[in-house]
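Single-structure report; data block below.
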Amino acid sequence: MTAFIDAPRDRFELEAANWSKVTEMELSSWRGTDSEFATFVPAEGDAFLRFQRVGGPARIHLDVHVDDPRAASARSVELGATQVADHGYLVMRSPTGFTFCWVPAHSDQKRPLPTSHGSLVDQVCLDVDPDGFAAEVDFWAAVTGWEPRQSPFPQFVSITGADSMPIRLLVQRRDDPSGATTAHLDLAATDYEAEAIRHERLGARVVRRGAMWTTLRDPAGLDYCVTGRPPALGPR
């Protein structure tokens, strides 16, 4: 899996510069029919975080790499997803409305090293309404073949793949209904409080503080979390 930061066209330069500093990764050259795609390139390991200029607001979407995207699309439709578009890659919506894409597989699955500040983007968290929570957990467990694991916090279930995978998946049950499922990035950090302070200095602002995590909002208005999970131990 790779995570995409979809940034609004009027703020994409600010967003790209911000996440390059946060992750300590260089942004690749632009590609695509409108030069809308780029990749954050780690010093070593798999390139798991990408960037896209979009016409709408900032958001996160997920690319799932498979040998046969069309077969995966057909299977996910049987499980309740909807195919939205076919650009050679298949744009989908999950049963609760989260946007993701089936894309051709690549062989690399090497987890990058943490930043010099002891942090690493390593998780996409799906934020799901209470009524759709169980369905979304079941959907992602079925389409990935990964094991769902209940977190110590009752509102979270992780969908866990191989430890070498750079990105893991977490499903969060929201307290109140608020519409279609959205997503945010989670960073694992050795010292999440110090890491949150570093992000504030880079231009983010604190939205809320929780048990073992801090929610921040980046300069383009995208919410994400810095969590107290050791980044060097893999996605557990």
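Among the helices of the chain, those built from whole DSSP H runs whose Cα atoms reach 15 Å or more along their own axis and whose mean Kyte-Doolittle hydropathy is at least 1.0 are 133-144.
For Arg53, what is the net charge nearby, where nearby means another residue's Cβ is under 11 Å from its Cβ and Lys, Arg count +1, Asp, Glu -1? Local charge sum for Arg53: -4. Taking a Cβ cut-off of under 12 Å around Thr181, the surrounding Lys, Arg, Asp and Glu residues balance to a net charge of 0, with basic ones at +1 and acidic ones at -1. Is the C-alpha gyration tensor of segment 82-171 telling us rounded, prolate or oblate? Criteria: a/c under 1.5 is rounded; beyond that, a/b larger than b/c is prolate, otherwise oblate. Here segment 82-171 falls in the oblate category.
To the nearest 20 Debye, how big is the dipole of the chain about its Cα centre, given +1 on the beta carbon of each Lys and Arg and -1 on that of each Asp and Glu? Computed charge dipole of the chain: roughly 300 debye.
Is the shape of segment 104-146 rounded, prolate or oblate, going by the alpha carbon gyration tensor and its root eigenvalues a ≥ b ≥ c, with a/c under 1.5 for rounded and a/b larger than b/c for prolate? Oblate, since a/c reaches 1.5 and b/c is not below a/b.
In the chain, a dipole from Cβ-located charges (positive for Lys and Arg, negative for Asp and Glu) runs towards its positive end, and of Val64, Leu222, Ser158 it is Leu222 whose Cα lies farthest in that direction. May I ask for the distance between the Cα centers of segment 1-62 and segment 149-172, given as a whole number of Å? Using only Cα atoms to place each centre, the spacing works out to 23 Å.
Using the Karplus relation 6.51 cos²θ - 1.76 cosθ + 1.60 with θ = phi - 60°, the per-residue 3J(HN,Hα) values for segment 221-230 come to x, 8, 7, 7, 10, 10, 10, x, 9, x Hz, with x marking Gly and Pro.
Here, each number is a calculation from the coordinates, and none is a lab measurement. Please read all numbers here as calculations on a predicted model, not as lab measurements. Cβ coordinates were reconstructed from backbone atoms using ideal geometry, including for glycine residues, and neighbour counts include every protein chain displayed.
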